[in-house]
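The values are calculated or read from the model by the stated rules, or taken from the named source; none is laboratory data. What you are looking at is a predicted structure, and each value in this text was computed from that prediction instead of being measured. When we count neighbours, we look across all protein chains shown, and the Cβ atoms used for this are built from the backbone with ideal geometry, even at glycine. The protein model used for the area step is the full one, side chains on, heavy atoms only, and it has no ligands, DNA or RNA in it. Shrake-Rupley method; radii C 1.70, N 1.55, O 1.52, S 1.80 Å.
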Amino acid sequence: MKLSNDYVVGLVDGEGSFTAFVRNLDQSTERKRRTRIEPRFYVKLIEEDKTILESLKDFFGCGSVYFQKDTRPNHKNCSRFEVFNRDELETIVIPFFRDNPLRFPSKRKDFEIFCELMARIKKGDHLTDVGLRRMRILKQQMH
């Protein structure tokens, strides 16, 4: 299935997410992630709609589609299309949504914060404690 730009924008407005895990330096945990910040773009749909996610992967020419089990009562298992490679986020995903703006104000806000986080990563802010703390505060403004 060939997807149009408008279809992709609508799909991401409804089912997509721009997010980042930002390590909390003030919280001591036994299990620490290797990285300090993990930016991610994803779309999650029920398993029956996996073909749409495969088409989305073809559309962007990057990312992965994988199964995501859901054990909550009254929920179905899902599939997830995800891009976490920083170069692909910077050179493919972000330019697409700059040229094809999201329509939901809340999703546009998350995207702009995501872009700011990516810019700070590029500058190396995530490599300092002060920079990482500022990025964590910024991330908390996302939906």
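Data overview
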quantity: Total formal charge among the other residues, if their Cβ is under 10 angstrom from that of Asp13, Lys/Arg +1 and Asp/Glu -1; calculated: +2
quantity: Per-peptide average of other Cβ atoms within 10 Å, ordering 46-53, 124-131 highest first; calculated: 46-53, 124-131
quantity: Distance violations [Cα-Cα > 23 Å] among Lys44/Lys122; Lys57/Lys123; Lys109/Lys139; Lys69/Lys122; Lys107/Lys139; Lys2/Lys139; calculated: Lys44/Lys122; Lys57/Lys123; Lys69/Lys122; Lys2/Lys139
quantity: Portion, in percent, of the accessible area of the chain that falls on carbon or sulfur, probe 1.4 Å; calculated: 48
quantity: Linear extension gain, Glu116 paired with Asp58, 0.36 nm per residue minus alpha-carbon span; calculated: 18.2 nm
quantity: Most to least accessible of Lys109, Lys122, Lys57, Lys139 (protein chains only, probe 1.4 Å); calculated: Lys122, Lys109, Lys57, Lys139
quantity: Degrees separating the helix 50-60 axis from the principal Cα axis of the chain, which is the longest one; calculated: 70
quantity: Folded to 0 to 90 degrees: helix 5-15 orientation relative to the chain principal axis, Cα; calculated: 60
quantity: Probe 1.4 Å, accessible area per residue of the chain, Å²; calculated: 61
quantity: Helix 105-123 vs. the chain, principal-axis angle (Cα, 0 to 90°, nearest 10); calculated: 50
quantity: Rh (Kirkwood; distinct C-alpha pairs) - the chain, Å; calculated: 16.2
